[in-house]
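Take a look at the structure below.
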Amino acid sequence: MELKAEAIGIVRNFFAAFAGAARPLLLLDYDGTLAPFQVDRFQAHPWPGLRERLQSIHQQGHTRMVVITGRPAAEIGPLLGLDPPLEVWGLHGTERLHPDGHRELDTLAPAVHQALDDLRAHLRRDSLGGLFEEKANGAVMHWRGASPAQALEIERRTRALFAPLAAMDGLELLEFESGLELRAGRNKGGAVDAILRESSGRPVAFLGDDITDEHAFRAVNRAGSPHLTALVRPEWRETAADIWLQPPGELMHLLSQWLDACVSIGR
Ligand SMILES: [Mg+2]
């Protein structure tokens, strides 16, 4: 499958910058981007053939690949199945899991910690009709799979509970598709900024699907080095990303081009 006409020139210019460049950075969201959504998130496996494509890029050895996800970082390795595992920034960037298993987690202010403990205890008793997910730095309410009427009711009750806490210093409300998260710490844009500080001057791309990925798109778009941002999604929506890829065909095509472009590195 070819890319859309409006994407072809943008992508060609990006890959042209690989010739003689330092190791490029490929930053990837997981759910909705590398894997289609599942109501049971532990069943969200990569698109057919995608694992093999990423493994080829990994083995080629020119690319630094990093997954940046809203999930706890440890969930990605077993689902993605790459060997050796990739570096993963979890919890939207608050947590960092290195390929050797070393894990870093941002510390929270005591008042924030207490507020989240209380909220999680509340939601364990009453999940408001939705699917409650506990995180080290937050609480998440999902309504994917609920009927439209149920979803509205879960959202209304969740907002009523989360909004007063979101006003607290150190806590923020994060909207995503079919859910709401109250959280502390860095977002995906902050994670991208931190990675770019470690690896400045390299070509960098970010691929993501959700509203939470817009922070990362904007951070990559600000990079001083050659960059590419791609919204990976069956339907288009308003976005800061440079191009729109419909998975899995256009996504697979872009990754094939990535593999080809890396051949020119170091020549
Ligand atoms: Mg996603």
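A few notes on this one:
- The residue pairs whose first member lies in segment 174-189 and is over 16 Å from Thr33 (Cβ atoms), whose second member is among the basic types (Lys, Arg) and in a strand (DSSP E or B), and whose beta carbons are closer than 9 Å, counting only pairs six or more residues apart or on different chains, are Leu174/Arg183; Glu181/Lys135; Arg183/Lys135.
- Note on segment 198-218: residues that are touching a helix residue (DSSP H, G or I) at 6+ places or on another chain (Cβ under 7 Å), closer than 16 Å to Met65 by Cα and assigned to a helix (DSSP H, G or I) total 1.
Here's the yes/no breakdown for (1) aromatic (Phe, Trp, Tyr); (2) at pLDDT 95 or above; (3) over 30 Å from Thr107 (Cα atoms):
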position: Glu153; (1), (2), (3): no, yes, yes
position: Met168; (1), (2), (3): no, no, no
position: Gly185; (1), (2), (3): no, no, no
position: Leu207; (1), (2), (3): no, yes, no
position: Ile243; (1), (2), (3): no, yes, yes
position: Leu255; (1), (2), (3): no, yes, yes
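- Members of segment 227-246 found to be in a loop (DSSP other than H, G, I, E, B), open to solvent by 20 Å² or more (accessible area, probe 1.4 Å) and not β-branched (Val, Ile, Thr), listed by number: Arg233, Pro234, Glu235, Trp236, Arg237, Glu238, Ala240, Asp242, Gln246
- Among the candidates Gly201, Gly179, Gly170, Gly185, the residue that is more than 28 Å from His122 (Cβ to Cβ) and either more than 16 Å from the ligand (Cβ to nearest atom) or open to solvent by less than 10 Å² (accessible area, probe 1.4 Å) (or both) is uniquely Gly201.
- Among the residues listed as Asp100, Asp193, the single one being acidic (Asp, Glu), in a loop (DSSP other than H, G, I, E, B) and in the same structural domain as Phe37 (by TED's automatic domain parsing): Asp100
- Output for segment 7-42, where each listed residue is under 21 Å from His215 (Cβ atoms), within 16 Å of the ligand (Cβ to nearest atom) and of a type in the set (A, V, I, L, M, F, W, C): Leu26, Leu27, Leu28, Leu34, Ala35, Phe37
- For segment 14-57, a tally of residues being in contact (Cβ under 8 Å) with a residue 12 or more places away in the chain and polar (S, T, N, Q) returns 3.
- Within segment 10-42, the set of residues being at pLDDT 95 or above and polar (S, T, N, Q) comprises Asn13, Thr33.
- Counted residues, segment 6-41 - those being open to solvent by 70 Å² or more (accessible area, probe 1.4 Å) and among the basic types (Lys, Arg): 2
- Residues located in segment 1-18, provided they are part of a loop (DSSP other than H, G, I, E, B) and in contact with a helix residue (DSSP H, G or I) (Cβ under 8 Å, 6 or more places away or on another chain): Met1, Glu2, Leu3, Lys4, Phe18
- The residue that is farthest from the ligand (Cβ to nearest atom), among those in segment 204-216 that are under 22 Å from Gln257 (Cβ atoms) and hydrophobic (A, V, I, L, M, F, W, C), is Val204.
Results for (1) within 13 Å of the chain's Cα centre (by Cα); (2) of a type in the set (S, T, N, Q); (3) open to solvent by 40 Å² or more (accessible area, probe 1.4 Å), shown as yes or no for each residue.
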| position | (1), (2), (3) |
| --- | --- |
| Gln55 | no, yes, no |
| Gly90 | yes, no, no |
| Pro99 | no, no, yes |
| Arg103 | no, no, yes |
| Pro110 | no, no, yes |
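- Selection of segment 204-215 for residues being open to solvent by 40 Å² or more (accessible area, probe 1.4 Å) and hydrophobic (A, V, I, L, M, F, W, C) yields only Ile211.
- Count of residues meeting criterion [aromatic (Phe, Trp, Tyr) and assigned to a loop (DSSP other than H, G, I, E, B)] in segment 127-182: 1
The values are calculated or read from the model by the stated rules, or taken from the named source; none is laboratory data. As the structure is a prediction and not an experimental result, all values here were calculated from the model. Quick reminder, even Gly has a Cβ in these numbers, built from the backbone with ideal geometry, and neighbours come from all protein chains shown. What goes into the accessible areas is simple: the full protein's heavy atoms, side chains included, and nothing from ligands, DNA or RNA. Shrake-Rupley method; radii C 1.70, N 1.55, O 1.52, S 1.80 Å.
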